[in-house]
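S.K.: First, the structure itself, so that you have it in front of you.
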Amino acid sequence: MKNPKVLLYSIILFTINQTYSQKLNLDNYKWKNRLFLVVTNDSINQQTQTQLKEISNLKDNFIERKLVLIEIQKNKYRITDYSDDKKTDWVIANQIHKKYIDNKAPFRVILIG
């Protein structure tokens, strides 16, 4: 082995990346909830802020319709379930944004279910 420090450093980085970069599994909500995805390139986008403010005012409607909010930004996402007042911390995920964003628009809303 040429340099054990480089190997050790590589293993540590790989482990950290696997631990903190989690894939969003939408199947966990199948037959339980409808998903309301707010996908954006930029968290300070005015459309995003307006949409999230409107959603927070419609909390009871989200509960009644069993909607779960998933905010997706470039390298992270978080989930808000108003039925039990839970909001997750931001989770690092690199691929989910690419799956749902439209390159022509910096902001997108998707209803699943």
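S.K.: Among LEU35, LEU69, LEU26, which is at pLDDT below 75, under 19 Å from ILE112 (Cβ atoms), touching a strand residue (DSSP E or B) at 6+ places or on another chain (Cβ under 8 Å) and aliphatic (A, V, I, L, M)?
M.R.: Criteria check complete, one pass: LEU26.
S.K.: What pairs come out if I take residues in the stretch 49-70 that are under 23 Å from LYS99 (Cα atoms) and pair them with residues that are basic (Lys, Arg) whose C-beta lies under 6 Å away, six or more apart or interchain?
M.R.: Here the result reads LEU67/ARG34, each pair linking the stretch 49-70 to a residue that is basic (Lys, Arg).
S.K.: For GLN95, which of the numbered conditions (1) at positive phi; (2) in contact (Cβ under 8 Å) with a residue 24 or more places away in the chain fails to hold?
M.R.: Going through (1) at positive phi; (2) in contact (Cβ under 8 Å) with a residue 24 or more places away in the chain one by one, GLN95 breaks only (1).
S.K.: Taking the stretch 25-38 as the search range and keeping residues that are charged (D, E, K, R) and assigned to a loop (DSSP other than H, G, I, E, B), which one is farthest from the chain's Cα centre (by Cα)?
M.R.: Checked the stretch 25-38; the qualifying residue farthest from the chain's Cα centre (by Cα) is LYS32.
The values are calculated or read from the model by the stated rules, or taken from the named source; none is laboratory data. Computed from a prediction, not measured in an experiment: that's the story for all the values here. In this analysis, Cβ positions are derived from the backbone assuming ideal geometry, glycine residues included, and neighbour counts consider all displayed protein chains.
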